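Take a look at the structure below.
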Amino acid sequence: MNEIKIHNKVSGGIVIKFYGITQDPETKNYIMVLEYAKNGSLRNYLNTSFNKLGWFDKIAYLRDIAFGLRTIHENELIHRDLHSGNILVNDNYIKITDMGLCKPADYNLSENAKNNMYGGLPYIAPEILSRRNYYTKAADIYSFGIIMYEVISGLPPYHDVSHDNYLAIKICHGLRPRFDFKVPQLIVYLIKSCLDANPLNRPTAKEIYEILDPSYNVELENQIKEVGKLNNNPLIENTVINLGLSYETHSEAIYTSRLLNFNNLPEPKNSYDYYTKNDNIISKELSDSLQLRISQLNINKSESLQINISQLNINENESLQINVSQLNINENDQNDDQNYESEGSRIKRIKLE
């Protein structure tokens with residue numbers, strides 16, 4: 001019922017249109033009737049059509065998402081589960097959907113709210129992962145920053161690593177996705193602002209929309225043209241090329257929303273050079289350093305496990321040796337007793353004789 005109320009409040013425009021509800025005659029379950037989006041989710045659309053998209057197409061999609069998020073926030077709501085699977089593409093229009101977790105902005109008034117973590121790990125703000133803050137509008141902005149990276153690169157965030165506790169640790173330590181090609185500096189800076197470890201430093205949805213709107217920002221258009229030349233990219237003018245997007249996804253990279261439970265994560269922080277190096281979201285040096293540190297953590301965990309197993313073997317061997325020794329002692333004692341009894345009987349017999 002909450003989702004129906006939310007849809008009635010913000011339905012239409014960039015949020016998927018809500019037509020009403022119906023009931024399954026057999027199961028008696030209620031079903032929401034929503035607008036049909038023939039291109040499916042944004043993630044699916046990027047998989048099939050990414051290389052058809054020029055820079056201005058990508059910016060237009062991101063601007064539409066920002067407008068939808070602005071509408072949600074201006075109605076004093078927080079989406080709480082914004083990711084590319086919950087954004088639908090219908091022809092050239094973007095629609096935000098899955099409002100089931102959407103809550104009023106003042107919903108997080110109880111301590112229990114901190115313990116309710118649900119979503120896709122790459123899109124969840126570090127202050128939520130570490131349980132140091134409630135869901136806020138700024139947490140939605142972090143999710144939008146990850147979506148910006150995804151739309152521009154075409155790649156799912158952290159697609160080549162396991163979405164586990166170690167990734168959560170790295171994100172809290174400042175890990176962010178990296179581009180492998182030149183991106184307009186304004187876009188890079190906007191993404192960095194959205195992904196700032198401090199939620200107070202993130203822009204509002206309204207500010208993001210204005211930055212992405214060419215009527216507000218002529219400099220962005222100039223930078224797009226410039227990086228197109230540097231990347232030798234024919235898609236500056238939206239030339240259509242029918243190519244698919246190719247990448248491999250780690251078997252434990254999970255993008256469906258799920259309950260997450262991470263404990264004792266470090267306090268979120270930015271990298272020391274976060275705002276001094278604006279050619280990418282995160283410097284290669286820091287990214288490599290974090291990967292190395294987590295690899296070392298895995299090694300230490302493995303070594304610790306081996307040590308424990310070795311210690312277990314030692315203890316088992318010692319125990320076995322003690323038991324065997326004790327067994328030998330007992331057997332020897334028993335034999336001595338038997339020998340003593342035999343000797344005693346012989347002595348007695350001698351005396352009797």
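The values are calculated or read from the model by the stated rules, or taken from the named source; none is laboratory data. Model, not experiment: these values are computed from the prediction. Backbone-built Cβ (ideal geometry, glycine too); neighbour counts: all protein chains shown.
Residue count for segment 13-41 satisfying the condition of being assigned to a strand (DSSP E or B) and among the hydroxyl-bearing types (Ser, Thr, Tyr): 4. Scoring residue 65 on the criteria (1) more than 23 Å from residue 224 (Cβ to Cβ); (2) in a helix (DSSP H, G or I) leaves a single failure, condition (1).
Restricting segment 78-103 to residues that are among the basic types (Lys, Arg) and closer than 16 Å to residue 141 by Cα, the residue that is modelled with the lowest pLDDT is 103.
For segment 119-126, indicate whether the set of residues that are surrounded by fewer than 20 Cβ atoms within 10 Å (Cβ to Cβ), within 23 Å of residue 264 (Cα to Cα) and at pLDDT below 95 is non-empty. No, that holds for no residue. Taking interchain pairs and intrachain pairs at least six residues apart, which have beta carbon atoms under 7 angstrom, with the first residue in segment 123-134 and of a type in the set (Phe, Trp, Tyr) and the second modelled with pLDDT of 85 or more? Every condition considered, the pairs that remain are 123/82; 123/83; 123/143; 123/146. When 162, 130, 143 are checked against the criterion of being hydroxyl-bearing (Ser, Thr, Tyr), within 23 Å of residue 189 (Cα to Cα) and either under 15 Å from the mean Cα position of the chain (by Cα) or at pLDDT 95 or above (or both), 143 stands alone in meeting it. The set of residues from segment 264-290 being under 19 Å from the mean Cα position of the chain (by Cα) and without any contact (Cβ under 8 Å) to a residue 40 or more places away in the chain comprises 264, 288.
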